[in-house]
Amino acid sequence: MELIEAIKSRKSIRGYKSTPIPRETLTEILEVATRAPSGLNCQPWEFTVLGGGVLDDLKRALEEYIRAGAAPDPDFQTEALTGVYRKRQVELGIALYQVMGIAREDTEKKTQWLLKGMRFFEAPNAIVVSIDEEVSGLLATFSLGAVTQTIALAALNYGLGTCIQGAPVFYPQVVRQIAGIPESKKLVMAIAIGYPDWDFPANKLHTTREPLANVVAWRGV
Ligand SMILES: Cc1cc2nc3c(=O)[nH]c(=O)nc-3n(C[C@H](O)[C@H](O)[C@H](O)COP(=O)(O)O)c2cc1C
């Protein structure tokens with residue numbers, strides 16, 4: 001797939017076919033993605049690739065955890081958005097609920113949607129991106145972003161879709177226990193990955209972006 005076309009066509013996929021991804025394909029994607037740049041070439045990324053019974057167990061455990069009302073306890077604190085950032089977050093939520101036909105006051109359907117996210121949107125595979133506790137500063141965590149986007153782009157070449165997900169790693173103890181990830185590894189992000197179900201309504205969403213003029217300053221150009 002042509003590069004610019006790939007970048008433009010990547011979008012978060014929240015509905016998947018159940019077909020598992022061959023291990024060789026996942027290997028190729030991760031191999032090419034680790035060509036991503038990293039601060040001082042420290043290559044801080046570590047991946048735990050999940051599928052089959054292990055992923056089923058994790059989906060079930062996360063769902064039970066949420067249903068039990070467990071409070072999130074992420075390895076990295078996330079910021080509560082305010083101002084224009086909060087506005088964009090709200091717009092995304094409205095757009096997703098709209099395309100999914102979920103009414104604002106329908107708490108049951110909203111809960112079901114949240115749980116679907118915890119089940120990695122029923123993706124047949126998921127990748128947990130983690131980092132050793134020894135390296136968790138700016139250079140390292142930024143580099144994890146680079147490799148994560150590269151995975152999302154490389155996946156397109158194999159007809160695969162992805163959804164980068166913070167939500168599952170808000171419950172790192174559950175993920176660690178079922179995925180067999182040691183305590184010394186800090187969970188940064190999860191990636192749902194699989195063949196997109198293009199009939200699934202949320203996959204039709206095309207999110208907006210701020211016009212470039214609002215986020216760029218030109219000096220001497
Ligand atoms: C750091 C990060 C965390 C995210 N966490 C979630 C998540 O927990 N659940 C979800 O549905 N999407 C999640 N997303 C996907 C974003 O909502 C999505 O990238 C954004 O709305 C732009 O839409 P697009 O990916 O379709 O272009 C996350 C994306 C990033 C980069």
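Every number in this text was worked out from the coordinates using simple rules, so none of it is lab data. Computed from a predicted model, the values in this text were never measured in an experiment. Cβ placement follows ideal geometry from the backbone for every residue including glycine, while neighbour counts extend to all protein chains displayed.
General remarks:
- Looking across K109, K116, one residue alone is within 13 Å of the ligand (Cβ to nearest atom), charged (D, E, K, R) and more than 25 Å from A6 (Cβ to Cβ). It is K116.
- In the stretch 65-102, residue nearest to the chain's Cα centre (by Cα) [restricted to those that are surrounded by 13 or more Cβ atoms within 10 Å (Cβ to Cβ) and away from the ligand (no atom under 13 Å from the Cβ)]: D75
- Listed conditions (1) within 12 Å of the ligand (Cβ to nearest atom); (2) over 17 Å from V49 (Cβ atoms) are all met by E183, apart from (1).
- Tally, over the stretch 127-136, of residues that are in a strand (DSSP E or B) and surrounded by 15 or more Cβ atoms within 10 Å (Cβ to Cβ): 5
- Test: residue in the stretch 137-159 that is surrounded by fewer than 20 Cβ atoms within 10 Å (Cβ to Cβ), of a type outside the set (A, V, I, L, M, F, W, C), more than 15 Å from the ligand (Cβ to nearest atom) and without any contact (Cβ under 8 Å) to a residue 24 or more places away in the chain: yes
- All positions within the stretch 107-126 that are part of a helix (DSSP H, G or I) and among the charged types (D, E, K, R): E108, K109, K110, K116, E122
- Of all residues in the stretch 194-215, none that is part of a helix (DSSP H, G or I) has its Cβ atom under 7 Å from the Cβ atom of a residue that is of a type in the set (F, W, Y) and within 15 Å of the ligand (Cβ to nearest atom), 6 or more apart or on another chain.
- Members of the stretch 148-174 that are outside any loop (DSSP other than H, G, I, E, B) and more than 28 Å from K204 (Cβ to Cβ): P172, Q173, V174
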